[in-house]
Structures are given as C-alpha cells and as structure tokens.
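A short worksheet on the structure shown next.
The values are calculated or read from the model by the stated rules, or taken from the named source; none is laboratory data. Here the structure is a predicted model, which means the values were calculated and not measured. Quick reminder, even Gly has a Cβ in these numbers, built from the backbone with ideal geometry, and neighbours come from all protein chains shown.
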Amino acid sequence: MNPPTTPTELPALLDALSDKADRLVLRHAELKRTNALLDERIRQLEAERDSLRARLHEARARVDHLLARLDPPAGAPATDPSA
C-alpha cells in the first residue's frame with residue numbers, strides 16, 4: 001500500500017481502514033457463532049450415531065442368539081428339510 005501523498009488523503013485512508021476493521025470484527029463474531037452452532041450439531045450427530053451403533057449391536061446380538069437357537073446341537077443327527 002502506498003503512503004498518502006497529501007495530508008488530506010490521510011483521514012479518508014484512516015476512515016476506510018477503520019471501516020474494514022469494523023467489518024472484520026463483525027465477520028469474526030459471525031463466524032464464531034456459526035462455528036459454535038456447527039460444533040453443537042456435531043455433538044448431536046455423534047450422540048445419534050453412538051445410539052444407532054448401540055442399537056445395531058443389540059440387534060446383531062439378538063439375531064445371533066436366534067440363529068444359535070436354530071442350529072442343531074453338536075452330534076445331533078441332521079434332519080432333511082425336504083422330508
């Protein structure tokens with residue numbers, strides 16, 4: 001950035017710089033709020049994911065238990081399903 005060539009340009013330059021700084025501060029605050037909302041959403045989704053994983057684990061355990069009940073005991077004669 002070139003320095004102002006006349007003393008009359010300095011106030012305008014300082015005003016423009018001040019406006020940019022104000023916009024930057026506002027944008028920073030806005031991004032912080034957005035980031036906080038996104039962090040909260042991540043926590044919600046992680047909790048939902050963990051809950052779904054637990055439900056899936058429980059369902060798999062129930063299916064495994066039912067499948068084990070269907071298997072014939074070891075040493076038992078195999079039955080012919082077509083008979």
**Message:** Anything in segment 1-25 that is in a loop (DSSP other than H, G, I, E, B) and at pLDDT 95 or above? List them, or say none.
**Reply:** none
**Asked** Would segment 2-22 turn up any residue that is surrounded by 10 or more Cβ atoms within 10 Å (Cβ to Cβ), within 17 Å of the chain's Cα centre (by Cα) and polar (S, T, N, Q)?
**Response** no
